[in-house]
Amino acid sequence: MNNETNRIKILMIDDEQSIYFLIKALLTEISEKDYVIDWSSSFDEGFELMTNNSYDVYLVDFILIDGRTGLELIREANENGCTKPSILLTGIGDRDIDIQAMEAGATDYISKNDFDSKYLERSIRYSIMQKENENKMIRYQAELESLVNERTKKLEAINTQLKKEIEQRNIIETDLKLTNRQLQKDLDLASELQQAVLPEIRNLPFLNIAAKYLPCSSVSGDVYDINFNREGAINIFVGDATGHGVAAAFMTMMVQIGLDSIRQDTSPNEVLDSLNSLLVSRETEKFITGVYIRITPKGLMSATNAAHPPLVILPANGEEVVILQEGGCPLGAFPESPIPYPVETYQLKHGDKVILYTDGVSETEITATELFGIENTIEFLSQNRKLPLEEIIDKLLSQLETYKNGKNITDDLTILCVEFLET
């Protein structure tokens, strides 16, 4: 970065100036052209600079000079308009501090006892990217809410006028059609926004990935998310919100915002606990089922389930299909899940496939009184395990299509498959 305006501006808020000099030295070791760092020892001054968004990132010490904590400063600054990332620094090697930092709104947590220049640089760049993604998701949600609220008010006004002025029925009906057309355009835009935030599907050196996402209306109550932790493991979430349409779509957006705000090396059961707390705090009166898995480059998979259809493992050697279905309550249903979210582990071997899906698959109607069901789903996957991932998905969808007799699907449907490759 040769241009001064492109340098990352950092504010260090710490009562010990020696720590400031250490951080400055580490940043100089990385590249003195890329970073500029200032120092403040005051809670109040730090608060003012954070809420003015004067810097690109803030390094905040856990203990400040006047007895107040960095957690308090980060929380108060975020509540008063700070939109830039904060990283908590502490000399306390306590995992609880990590959790408290996330709850306060910090984007990362660094122990003073075990970091170097490369770790510091990764944390700074990761925090900036994480905060930018979070702010982007908040803007998307605000735009979606604004569009729906605006059109809803217009429809309410038209309905009131229709009751009062029956003699103008023809005029009102014309206006209603125009408004509905506009509402559909808005829903189409919402659908585009929802599709835009879905992660890109791309293969990895140790994993092939394929997915199919089929909403039953303009916007979907299904969601999937893919991200990576610092050790190179992949995290995958597949979820299904109750109901359909805009309300269910809002739930999926909140889940994606929540997943973006949670550290990607958090254990799978703690990820679901955090999502559950987020959804309960929003009082949506809706909930979402989901399954969350993590696969390391060595093939160790850990998984946890929140009342979602079971995860299916197809061993490449032809052995019996493995089902992982132990789990807790739906996300957002209870402030604390009465049933913990247990983590099950499985060592994948070369060619093993893992299938995640929503109940749009298993609840497809075969007849007026019979569903395709989980057993048929597992049997189908077992019989077709040797096919490539995309062919498994296409063949399953073709099988489900035969039961619809040309009718549109009545539930959102998502299938995500991975195949482990030993490297």
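The values are calculated or read from the model by the stated rules, or taken from the named source; none is laboratory data. Note that the structure is a prediction, hence the values are computed from the model and not measured. Note that we place each Cβ from the backbone using ideal geometry, even for glycine, and neighbour counts take in every protein chain shown.
Failed condition for residue 401, given (1) assigned to a loop (DSSP other than H, G, I, E, B); (2) of a type in the set (Asp, Glu); (3) farther than 24 Å from residue 226 by Cα, with all others met?
If we test residue 401 against (1) assigned to a loop (DSSP other than H, G, I, E, B); (2) of a type in the set (Asp, Glu); (3) farther than 24 Å from residue 226 by Cα, just (1) comes out false.
Taking region 224-247 on its own, how many of its residues are in contact (Cβ under 8 Å) with a residue 40 or more places away in the chain and closer than 20 Å to residue 134 by Cα?
Number of matching residues: 9.
Might you check whether a residue that is in the same structural domain as residue 208 (by the TED database), in contact with a helix residue (DSSP H, G or I) (Cβ under 9 Å, 6 or more places away or on another chain), of a type in the set (Ser, Thr, Tyr) and without any contact (Cβ under 8 Å) to a residue 60 or more places away in the chain occurs anywhere in region 357-364?
yes
Could you list all residues from region 47-81 that are over 20 Å from residue 99 (Cα atoms) and free of Cβ contacts under 8 Å to residues at least 40 places away in the same chain?
Of everything in region 47-81, those that are over 20 Å from residue 99 (Cα atoms) and free of Cβ contacts under 8 Å to residues at least 40 places away in the same chain turn out to be 47, 48, 49, 50, 51, 52, 53, 66, 67, 80, 81.
Pull up region 278-324, narrow it to residues that are small (Gly, Ala, Ser) and surrounded by 22 or more Cβ atoms within 10 Å (Cβ to Cβ), then point me to the one that is nearest to the chain's Cα centre (by Cα).
It comes out as 290.
Criterion first (under 22 Å from residue 107 (Cα atoms) and in the same structural domain as residue 363 (by the TED database)) does residue 240 satisfy it?
Numbers: under 22 Å from residue 107 (Cα atoms): no; in the same structural domain as residue 363 (by the TED database): yes.
For residue 240, the condition - under 22 Å from residue 107 (Cα atoms) and in the same structural domain as residue 363 (by the TED database) - is not met.
Under 6 Å between Cβ atoms, at least 6 apart or on separate chains: pull out the pairs that start in region 294-306 with a residue that is in a strand (DSSP E or B) and end on any residue that is hydroxyl-bearing (Ser, Thr, Tyr).
That search, which allows pairs on different chains as well, returns 294/302; 301/346; 302/345; 304/292; 304/341; 306/289.
Check region 249-261 and report whether any residue there is part of a loop (DSSP other than H, G, I, E, B) and either of a type in the set (Ser, Thr, Tyr) or in contact with a Phe, Trp or Tyr (Cβ under 6 Å, 6 or more places away or on another chain) (or both).
Looking through region 249-261, none of the residues is part of a loop (DSSP other than H, G, I, E, B) and either of a type in the set (Ser, Thr, Tyr) or in contact with a Phe, Trp or Tyr (Cβ under 6 Å, 6 or more places away or on another chain) (or both).
Say we look at region 218-244 and pick out the residues that are over 15 Å from the mean Cα position of the chain (by Cα) and surrounded by fewer than 18 Cβ atoms within 10 Å (Cβ to Cβ); which of these is modelled with the lowest pLDDT?
Checking each candidate, the answer is 243.
So, residue 300, is that one in the same structural domain as residue 216 (by the TED database), closer than 30 Å to residue 276 by Cα and not β-branched (Val, Ile, Thr) or not?
Yes.
For region 9-22, which positions are of a type in the set (Phe, Trp, Tyr) and in contact with a strand residue (DSSP E or B) (Cβ under 7 Å, 6 or more places away or on another chain)? Working first, answer last.
Step one: of region 9-22, the residues of a type in the set (Phe, Trp, Tyr) are 20-21.
Of everything in region 9-22, just one residue is of a type in the set (Phe, Trp, Tyr) and in contact with a strand residue (DSSP E or B) (Cβ under 7 Å, 6 or more places away or on another chain), namely 20.
Given the conditions (1) assigned to a helix (DSSP H, G or I); (2) in contact (Cβ under 8 Å) with a residue 12 or more places away in the chain, which single one is not true for residue 379?
Only one criterion is unmet by residue 379, namely (2).
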